[in-house]
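What follows is a short report on a single structure.
The values are calculated or read from the model by the stated rules, or taken from the named source; none is laboratory data. Just so you know, these numbers come straight off a predicted model, no measurement behind them. Quick reminder, even Gly has a Cβ in these numbers, built from the backbone with ideal geometry, and neighbours come from all protein chains shown.
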Amino acid sequence: MTENGKKRLFIKTYGCQMNVYDSARMADVLAPLGYTPVDSPRGADMVILNTCHIREKASEKVFSELGRLRAFKQAQEAAGKDMVLAVAGCVAQAEGEEILRRAPQVDLVFGPQTYHRLPEMVVRAARAAGKGDPKAGLLDIDFPVESKFDHLPEETADPGATAFLSVQEGCDKFCSFCVVPYTRGAEFSRPVAAVLAEARRLVAAGVQEITLLGQNVNAYHGAAEGGGTWGLGRLLRALAEIDGLNRLRYTTSHPRDMDDELIAVHGDEPKVMPYLHLPIQSGSDRVLAAMNRRHTADDYLRIVERLRRARPDIALSSDFIVGFPGESDADFAATLRLVNEVGYAQAYSFKYSPRPGTPAAVEDNQVSEAVKAERLAGLQQLLGEQAEAFNRACLGRRLPVLLERAGRKPGQLVGRSPYMQAVHVSLPALAIQRLKGQLVEVAVEAVSANSLTGRLIVDAEPSHPRPAAPSIATRSRISA
Ligand code: 5AD
Ligand code: SF4
């Protein structure tokens, strides 16, 4: 407890942007109970681990963190205070019973669908912990039929210049490697009016850039007020009409849901940023079929072609999995070919890791660790070269950058280009406070594989130019 009676809340977030968003909502939900976010678990009245189950060793990491936290909890108890320890998110959803069995210091386990019930759970858990009861070990991992979105309070914290806005949850695609349909549940879209109202609130609080979030965001089909449903393209058009909202992004998309309207909006709505994370996972049709992706490499290439026709400078990103069960050298070569054909501005790549409960985990033709490691190194080398080539093509250009926060070095602000590149800008001390949160023009003076560095162009009006494609020298080789 702080001196002014506030309770300290420490949330550690693992994984994706959806989890970052959920953690912020948990803090909002708990604020009326007097919980204030702090940066360390030391002396905290409540600690939440918001976990992610998508990739390797997720549950081991959570158990080892819980081991460390036990010491903090014991220190609190020795000082006559309590610490409510909670595990949230996808590991909680998938392994709730196991967590309570293996980590008795945990008071509360709740899944991604139930955090709007958090205040009630916390009061019950705190009461049990305070009484020194053998803890309640509350477990709330249902998939409720009601939407958690309906129960969330409005945001309380100052959001800054950029914000996430969750519009869709869950997934019905059942890719054979993925736990999301089991941990996040069925696909659900938030109604259009609720999304527009939240966006207006964010903009009134100073937000200029909104990233729409969903596990399968472009499957969005929100109920519209006049009846019927809107797809993501139509939603983006309506959001673009909000004055003061200057940039729109969305993630993560599935190729099967890139419909005509969504592709068109990239061409005719300048507020929709020329960057798209569109995972393909593999370039081999055989592997794509085994993954249950239900599209071919060629389908994906046709979508890329249409996107580029609509918005020639669009920067593409993807996720790749190497070493999926049964992946041969020829399958992997097809992935490298596809990467060369598309030319990515950046991408994420992973070794396949069996997730319990998913169909691919029980395939008997698993690829050896050594082969996975070798393929991953080869793919990352190629993707790294492409990212660097993409950044190099921006050298000497002027880019609009939304300066978000302090950079790594003193006297620097960092923000994003339209293409999602991190851009560092050195500024005089007096300008830093004034320009934080502003959209400015930057002349790019240096590049690396991961970021750009530039100089503020003082006399320029911030603009949304339609720049020429940062033509990647290696055009012939240029990731839901
Ligand atoms: N093994 C490896 N990578 C995975 N991903 C999801 N599940 C697995 C798995 N079992 C990757 C996919 C997905 C990204 C978020 O995580 O590439 O797009
Ligand atoms: Fe998982 Fe994305 Fe496939 Fe859904 S579409 S099952 S979230 S990889």
Looking at this structure, is Leu276 part of a loop (DSSP other than H, G, I, E, B) and touching a helix residue (DSSP H, G or I) at 6+ places or on another chain (Cβ under 9 Å)?
-> no
Any chance the stretch 199-209 includes a residue that's over 23 Å from Arg355 (Cβ atoms), touching a Phe, Trp or Tyr at 6+ places or on another chain (Cβ under 7 Å), away from ligand 1 (no atom under 14 Å from the Cβ) and of a type in the set (S, T, N, Q)?
-> no
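Where in the stretch 154-266 are there helices (runs of 4 or more DSSP H), lying fully within it, with 1 or more residues that are among the charged types (D, E, K, R)? Write out each step before concluding.
On the way: elements: 180-183, 192-204, 232-240.
Correct list: 192-204, 232-240.
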Under 6 Å by Cβ, and 6 or more places apart or on different chains, what pairs join a residue from the stretch 357-381 that is at positive phi with one that is assigned to a helix (DSSP H, G or I)?
-> Gly357/Tyr182
Could you run through the stretch 321-344 and say how many residues are assigned to a strand (DSSP E or B) and under 11 Å from Leu288 (Cα atoms)?
-> 1
Sole miss for Ser426 among (1) polar (S, T, N, Q); (2) out of contact with any strand residue (DSSP E or B) (no Cβ under 6 Å at 6 or more places or on another chain); (3) more than 16 Å from ligand 1 (Cβ to nearest atom) is condition (2)
Could you count how many residues in the stretch 53-65 are surrounded by 13 or more Cβ atoms within 10 Å (Cβ to Cβ), out of contact with any helix residue (DSSP H, G or I) (no Cβ under 8 Å at 6 or more places or on another chain) and modelled with pLDDT of 85 or more?
-> 2
Filter the stretch 367-381 down to residues that are over 24 Å from the mean Cα position of the chain (by Cα) and crowded, with 18+ Cβ neighbours inside 10 Å and give me whichever is farthest from Arg355 (Cα to Cα).
-> Arg375
Can you name the number of the only condition in (1) buried (at least 19 other Cβ atoms within 10 Å of the Cβ); (2) part of a strand (DSSP E or B) that Gln386 fails?
-> (2)
Mind listing whichever residues of the stretch 263-287 are within 16 Å of ligand 2 (Cβ to nearest atom) and within 25 Å of Leu202 (Cα to Cα)?
-> Leu276, His277
Filter result (surrounded by fewer than 19 Cβ atoms within 10 Å (Cβ to Cβ) and more than 22 Å from Glu95 (Cβ to Cβ)) within the stretch 345-362 | Tyr348
Of the residues in the stretch 205-217 that are of a type outside the set (Gly, Ala, Ser) and over 20 Å from Pro112 (Cβ atoms), the one that is farthest from ligand 2 (Cβ to nearest atom) is Gln208
The residue from Val195, Val207, Val179, Val217 that alone is in contact with a His (Cβ under 6 Å, 6 or more places away or on another chain), of a type outside the set (Phe, Trp, Tyr) and surrounded by 21 or more Cβ atoms within 10 Å (Cβ to Cβ) is Val179
Out of all the residues in the stretch 350-357, is one or more part of a loop (DSSP other than H, G, I, E, B), among the charged types (D, E, K, R), in contact with a Cys (Cβ under 9 Å, 6 or more places away or on another chain) and within 16 Å of ligand 1 (Cβ to nearest atom)?
-> yes
Qualifying residue in the stretch 253-271 (condition: surrounded by fewer than 17 Cβ atoms within 10 Å (Cβ to Cβ), of a type in the set (A, V, I, L, M) and under 20 Å from Ala333 (Cβ atoms)) = no
In the stretch 32-52, how many are at pLDDT 85 or above and either buried (at least 21 other Cβ atoms within 10 Å of the Cβ) or among the aliphatic types (A, V, I, L, M) (or both)?
-> 11
Could you list, in sequence order, all residues of the stretch 170-190 that are away from ligand 1 (no atom under 11 Å from the Cβ) and in contact with a Lys or Arg (Cβ under 6 Å, 6 or more places away or on another chain)?
-> Gly170
Verdict on Gly283 being in contact with a Lys or Arg (Cβ under 7 Å, 6 or more places away or on another chain) and within 16 Å of ligand 1 (Cβ to nearest atom) = yes
